[in-house]
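Asks: Quick one: this structure, given as structure tokens, is what I'll be asking you about.
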Amino acid sequence: MNPTESKESVQQQIKSDEQTNNNVFEKFEEEKLKSKYPSGMNLSGGHSSFVQKRLQKGTKFFDSGDYQMAKQRSRGGGYKPIFGSTGDAIPTPETVSVRKYYHATIM
């Protein structure tokens, strides 16, 4: 066995020892939390009764505009721009239409 192989094996041993120490520490902390909160650490997606009541009430809207937007979204309509979407292409002088100005003449 040459010195580099022994150095690598020692480093691997140190890493595995650190991992086992971390696992032992995590399990210790988990047990500590479980003893402190015996029924509370349920991570299965359960909600408290307060949250359940809030969810049953339905959605609250900030104003009538939010209500109308949610209503349109639920119908599948959504916002449809009249002139197409903006920002898709960079305008060039050839693609921009010429504006016509009507000046009132004073006589």
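Asks: Taking into account only those residues within the stretch 29-51 that are open to solvent by less than 80 Å² (accessible area, probe 1.4 Å) and within 30 Å of S74 (Cα to Cα), which is modelled with the lowest pLDDT? Explain how you work it out, then say what you get.
Replies: Restricting attention to the stretch 29-51, the residues satisfying the condition of being open to solvent by less than 80 Å² (accessible area, probe 1.4 Å) are 29, 33, 40, 45-46, 48, 51.
Then drop every residue that is not within 30 Å of S74 (Cα to Cα), which leaves 45-46, 48, 51.
Numbers: G45: 60, G46: 64, S48: 80, V51: 82.
This residue is G45.
Asks: Something else: Can you tell me which condition D66 does not meet? The list is (1) at pLDDT below 80; (2) open to solvent by less than 90 Å² (accessible area, probe 1.4 Å), and all the others hold.
Replies: (1)
Asks: Now for a separate question. Just one of (1) surrounded by fewer than 10 Cβ atoms within 10 Å (Cβ to Cβ); (2) modelled with pLDDT of 80 or more trips up M1, so point out which.
Replies: That leaves (2) as the condition not met.
Asks: Name the residue that is modelled with the highest pLDDT, counting only residues in the stretch 69-107 that are open to solvent by 100 Å² or more (accessible area, probe 1.4 Å) and under 30 Å from the mean Cα position of the chain (by Cα).
Replies: In this case the residue turns out to be M69.
The values are calculated or read from the model by the stated rules, or taken from the named source; none is laboratory data. All figures in this text were calculated on a predicted structure; none of them were measured in a lab. No Cβ is skipped: glycine too gets one built from the backbone with ideal geometry, and neighbour counts run over all protein chains shown. With ligands, DNA and RNA removed, areas are computed over all heavy atoms of the protein, side chains included. Shrake-Rupley method; radii C 1.70, N 1.55, O 1.52, S 1.80 Å.
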